[in-house]
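A short write-up of the structure that comes next.
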Amino acid sequence: MGTKKELRELNVVDVVKDIANRLQVAYKEENNEICMDIPEEAGSGHIKAINFSHGVGVMDVDITLKKEVRFVLNQSLVQPLQIVFNRKTSLLHEFDGQEKQTEIKHLESAIFSCNSKYGNVLNLKANEPISFFNLEINRKLFEEKIESFLPEMNEDLEGLFRDVNGVNLFFHKGHYSLDIAKCIEEINQSEDTGFTKSVFIEGKCFEILAHHLRQYVDDASPSEKRTILRQSTVVKIEEAAHIIDDTLEETPDIISLSKKVGLNQNTLQNGFQSLFGLSVKEYIQNNRMEKARHLMETTTLNITEITYRIGINSRSYFAKQFKERYAMTPKQYMQKLASNNKGETNTI
């Protein structure tokens, strides 16, 4: 293994300070936020952290390291709850002193808690982009905020949050949702500063926590009954959309398309509805009509040639679909284009 870093401080800002001190680099600190750049001899990138009230903090890591590093997050008094959302290279988690390692893959999240005997360890690879978002909750400080809601929680979650001193080991992972991915993106793209920035990020962190707690319950359901769209599923749905875009002449049926991207048919249909507001069939029809219009405007192909070019075998069916979309038949649209072109020529 690579370098071992023991981090004994109680919040994410102190953790970043510890890393900066060990690497002997400066850091910028403003209000309750801290940022440090990785020195060139160690790699590149930055680590940022910010603390909020009730023991909530967030660390954003976007780095590339020249050497593999083994971080031991070994809290001395209170063992916080960690929720990691991995955006790039796989991370390896273990409880220090135990042999088992668990991979947290690209687009996966993990919620875990150590105890005074076994600390949390994250193994960071060398020469690969590392990017993860870590939401930390000091459950002892958070207890006051969440106490009235605990009886309404899933039994496992209630037990997890009531373990304020971090007595029990806990680990759960799954693919994080599209809603969480959007929240993280909004935090990273925020141009706010000072108090406004702090309030905005704090609100987004609680939104992420709410989404993740819902997802934890959803994870317990059979895969075919899950209702929350995961970011990893979105990647596959976008892949399916690209396949459709590139193969309009011979678009695969939904069964073949599902197999190509590794999703069941229901998930694929629900995903298209969530992302595009269209079923797979409607998405294909929509793209075919847009491509047909584009071919009319940019080529000299006739209507029959365009019909086959977009994967439709019936000219009458194409005319019906086109009219439903553009309120005129293909013939009428081409006549309109010809008239407009003639007018432009006369003007010149």
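The values are calculated or read from the model by the stated rules, or taken from the named source; none is laboratory data. Just so it is clear, the model here is predicted, and its values are computed rather than measured. Cβ sites come from the backbone with ideal geometry, for glycine too, and all protein chains shown count toward neighbours. Note: areas computed on protein heavy atoms with side chains; ligands, DNA, RNA excluded. Shrake-Rupley method; radii C 1.70, N 1.55, O 1.52, S 1.80 Å.
Within the chain, what percent of beta bridges assigned by DSSP are antiparallel, to the nearest 5? Bridges in the chain are about 90 percent antiparallel. Available extension along the chain between Val72 and Lys281 is 70.2 nm, counting 0.36 nm per residue and deducting the alpha carbon span.
At an R0 of 35 angstrom, the distance between the Cβ atoms of Glu128 and Asn168 translates into a FRET efficiency of 0.60. Estimated purely from DSSP H runs of n ≥ 4, each contributing -39500 (n - 2.57), the mean residue ellipticity at 222 nm for the chain is -14500 deg cm²/dmol once divided by its residues.
Descending by average beta-carbon neighbour count within 10 Å, the peptides 33-45, 192-204 line up as 33-45, 192-204, the highest first.
What a 1.4 Å probe finds exposed on the chain is 47% carbon and sulfur by accessible area, rounded to a whole percent.
Sorted from greatest to least, the principal axis extents spanned by the alpha carbons of the stretch 216-348 come out as 68, 29, 21 Å.
Taking max minus min of the alpha-carbon positions on each principal axis, the stretch 93-225 gives extents of 46, 43, 37 Å, largest first. Determine which residues of the stretch 301-325 fall in the zone a paramagnetic label at Asn340 would reach in this model, i.e. backbone nitrogen under 17 Å from the point 7 Å along Cα→Cβ. Under cut-off, by backbone N: 301, 323, 325.
Once you have a ≥ b ≥ c as the square roots of the Cα gyration tensor eigenvalues for the stretch 1-147, tell me rounded if a/c is under 1.5, and otherwise prolate or oblate according to whether a/b is larger than b/c. Here the stretch 1-147 falls in the oblate category. Of all the Cα-Cα pairs you can form in the stretch 65-106, what percent are over 16 Å apart? When every Cα pair of the stretch 65-106 is considered, 49 percent fall beyond 16 Å. Separation of the stretch 293-307 from the stretch 183-223 is 47 Å, based on Cα centroids.
From the coordinates of this entry, semi-axes √(5λ) of the Cα gyration tensor in Å is computed, and it appears in (1) 34, 28, 18; (2) 51, 24, 19; (3) 58, 22, 17 under the label (2). Taking 0.36 nm per residue of separation and subtracting the Cα-Cα distance, full extension of the segment from Met328 to Glu41 would add 96.8 nm. Please give the FRET efficiency for Lys100 paired with Asp246, using the beta carbon to beta carbon distance and R0 = 35 Å, rounded to the nearest 0.05. Once the sixth-power term is evaluated, E becomes 0.25. Set the Förster radius R0 to 22 Å, insert the Cβ-Cβ distance between Asn266 and Val217 as r into 1/(1 + (r/R0)^6), and round the FRET efficiency to 0.05. It comes to 0.65. Residue ranges 265-276, 299-310 sort as 265-276, 299-310 when ordered by packing (mean number of other C-beta atoms within 10 Å per residue, highest first). In this simple spin-label approximation, Thr227 and Asn154 carry label points 7 Å from Cα along the Cα→Cβ vector, and these lie 1.4 nm apart.
Using C-alpha pairs under 8 Å with a sequence gap of at least 6, the mean separation divided by the residue count of the stretch 84-162 gives a relative contact order of 32 percent. The modelled label-to-label distance for the pair Ile146/Gln273, using points 7 Å beyond Cα in the direction of Cβ, is 3.2 nm. Under the simplified labelling scheme, the Asp253-Glu290 pair shows an inter-label distance of 2.6 nm, with each label point 7 Å from Cα along Cα→Cβ.
Heavy-atom accessible surface of the stretch 39-80, averaged per residue, reaches 39 Å², computed with a 1.4 Å probe.
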